[in-house]
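The values are calculated or read from the model by the stated rules, or taken from the named source; none is laboratory data. For clarity, every value in this text was computed on a predicted model and none was experimentally measured. Neighbour counts are summed over all protein chains in view; Cβ atoms, including those assigned to glycine, are modelled from backbone coordinates with ideal geometry. Side chains included, ligands, DNA and RNA excluded: accessible areas come from the protein's heavy atoms. Shrake-Rupley method; radii C 1.70, N 1.55, O 1.52, S 1.80 Å.
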Amino acid sequence: MSDNLIEIRDLAVEFTAGDQIQRAVEDVSFDIRKGETLALVGESGSGKSVTAHSILRLLPYPLARHPSGSIIYEGKDLLKLPEAKLRSIRGNRIAMVFQEPMTSLNPLHSIEKQINEVLGLHKGLTGKAATKRTLELLEMVGIPEPHKRLKAFPHELSGGQRQRVMIAMALANEPELLIADEPTTALDVTVQLKILELLKELQARLGMALLLISHDLNLVRRIAHRVCVMQRGRIVEQASCDELFHAPQHPYTRELLGAEPSGRPADTPPGPPLLEVDDLRVWFPIKKGLLRRTVDHVKAVDGVNFSLLQGQTLGIVGESGSGKSTLGLAILRLLGSRGAIRFQGQSLDGLTQKEVRPFRRQMQVVFQDPFGSLSPRMCVGQIVGEGLNIHQMGTEAEQEQAIIDALLEVGLDPETRHRYPHEFSGGQRQRIAIARALVLKPALILLDEPTSALDRTVQRQVVELLRTLQKKYDLTYLFISHDLAVVRALSHQLMVIKQGQVVEQGPADAIFAAPQHTYTQQLLEAAYLAPGTAR
């Protein structure tokens, strides 16, 4: 009897847009064995998710079609199975966990109702029986005090808890195969590790197979038995996990394995103090009662102190909710705060917004999601040149030349300045965001998770670009991230924040080599960067 649970042979997927046909997957063949973990890895657009979604026919048909290939499960081709029979398999025998739980969970329904719906559809469980099983599932995936979470809505849970709810829904009917499509991409490294350990534990307990879709090779190395590497819709290499990581055969596989940001921060001599922060606090009031009296505070940032020298990078790390981004916004005076902020020797904390405005040209920001921070109604030239107009810098011809120069600096063709953000890849959009900040010739740039949405190969390119620009223009960076590999490649100084307070700070090299605080040690261990950890 075959050990294969799923057999995919010569699979092809095409998408139709008007009179154009795009081949997204070409001649893909692989098996998923019972009880094993198979990882599909590759960059965005390589065809990983399209291949995985084909198993349950979750593509946007009829715009998508399968011109060739088969997906055999229990002797039947899932691509040819009648819709009614396929529905009995979806969520029951084969289940799926999607990348972003906030878009997969219904915001109008409680957690109990959404899990009960799965149980009712496939198991016929209703009422108290369904609620009892839902509690068991929430407890199994590690939701604290599950009885208190039954009536909660998705927005009331953390990112890690929402992903656990998605896993509970997927496992409700104890499937034979769980497809996990980038299940940890949006999560902190410590939460990623917990979700990973949870999947391994549940897989062993239930004896199910796991198809993991990911571009995170650290995650794949920890959990997968076998790996398939995809590039431009084709599988270019298949091997056991050990073989692939120790002796990769294909050039693209070697490129992926070598793509983790590395090297040292830019070799820039430190200048005088550019930014000084003393006892900075951002407290949000908690108001209750009819008169909305303040009864307590959420201490998002609580007593932060540091001095950042010109030409240096301060990496700020911590989990979601630790206060990293709040600290950055407060420094730029985009949030109200208490405490002293001095920029180029001048105090900012007592100034009105009108008085702060002249400093904005010297203090720029690059946000996490370039697609969200770039206006879809403005062409690239307008986006990059907007600051020049606001600060009235130069004539129209001089501004046009400055835009061209900025795009060249970030490695983009100046002719693309007439195009719009949706016409660019994620990495290109982030380069546009960097050009927008760079065109004003600032002294300080706040980089708030600028690489978290990018593939590793693109991350490496952006890191190298930031290092080059820092050395060329003596730039000073505040670099906020939970990706410690990127932080290590860019930062001269490091600050670790937990629940609004600094738990460790100092030279980045020293902290990465010998972290003193338990929390820092946990972050490095979860990121596979702890001293002595095998790479």
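A few comments on the model shown:
- Three-way shape call for the range 1-56 based on the alpha-carbon gyration tensor, with the a/c threshold at 1.5: prolate
- Expressed per residue, the C-alpha convex hull volume of the range 1-111 stands at 149 Å³.
- Whole-number Å³ per residue for the convex hull built on Cα positions in the range 218-268: 107 Å³
- Here the spin labels are modelled as points 7 Å beyond Cα on the Cα-Cβ line, and at ALA514 and ASP27 they lie 5.6 nm apart.
- Loop chymotrypsin sites (Phe, Trp or Tyr not before Pro), the range 334-395 (other Cβ atoms within 10 Å of the site Cβ: 11 or fewer; DSSP): none
- Restricting attention to the range 163-298, close to 70% of DSSP beta bridges with both partner residues there are antiparallel.
- Seen from GLU156, the other residues with C-beta closer than 12 Å to its C-beta sum to a net charge of +4, counting Lys and Arg as +1 and Asp and Glu as -1.
- With every protein chain in place, the range 408-487: carbon and sulfur % of accessible area (1.4 Å): 48 percent
- Whole-percent carbon and sulfur share, accessible surface of the range 270-376, 1.4 Å: 53 percent
- Residues CYS228, CYS379, ordered by accessible area of protein heavy atoms at a 1.4 angstrom probe radius and largest first, appear as CYS379, CYS228.
- Looking at the range 38-116, the GluC sites (Glu not before Pro) that sit in a DSSP loop and have at most 11 other Cβ atoms within 10 Å of their own Cβ are GLU74.
- When you count the other C-beta atoms within 10 angstrom of each residue and take the mean per peptide, 473-480, 389-396 line up highest first as 473-480, 389-396.
- Taking max minus min of the alpha-carbon positions on each principal axis, the chain gives extents of 75, 58, 48 Å, largest first.
- 222 nm mean residue ellipticity, helices alone, for the chain (DSSP H n ≥ 4; -39,500 (n - 2.57); rounded to 500): -10500 deg cm²/dmol
- Distance between the range 477-522 and the range 203-242 - C-alpha centres, whole angstrom: 30 Å
- Residue-count net charge about LEU465 - beta-carbon cut-off 13 Å; Lys, Arg +1, Asp, Glu -1: +3
- Full extension of the segment from THR16 to ASP405, taken as 0.36 nm per residue of separation minus the current Cα-Cα distance, would add 136.2 nm.
- If the segment from HIS147 to LYS34 were pulled out straight at 0.36 nm per residue, it would be longer than the present Cα-Cα gap by 37.3 nm.
- The chain: antiparallel DSSP beta bridges as a percent of all, rounded to 5: 60 percent
- Of the residues HIS155, HIS122, ranked by 1.4 Å probe accessible area with the largest first, the sequence reads HIS155, HIS122.
- Total formal charge among the other residues, if their Cβ is under 15 angstrom from that of PRO507, Lys/Arg +1 and Asp/Glu -1: -1
- Whole-angstrom gap from the range 346-400 to the range 133-189, using each part's C-alpha centre: 41 Å
- Ranking SER452, SER158 from most to least accessible surface, computed with a 1.4 Å probe over the protein chains only, gives SER158, SER452.
- Solvent-accessible area per residue for the chain (1.4 angstrom probe, square angstrom): 46 Å²
- Global form of the range 88-191, assessed from the alpha-carbon gyration tensor, a/c cut-off 1.5: oblate
- Gap separating the Cα centres of the range 258-292 and the range 446-466, nearest whole Å: 18 Å
- Where trypsin sites (Lys or Arg not before Pro) fall in DSSP loop in the range 248-342, at most 13 other Cβ within 10 Å: ARG292
- Extension reserve of the LEU334-LYS128 stretch, reckoned as 0.36 nm per residue once the Cα distance is removed: 69.2 nm
- Helix runs (DSSP H) in the chain reaching 24 Å along axis by Cα, Kyte-Doolittle at least 0.0: 189-206
- Prolate/oblate/rounded call for the range 409-454, Cα gyration tensor, a/c under 1.5 rounded: oblate
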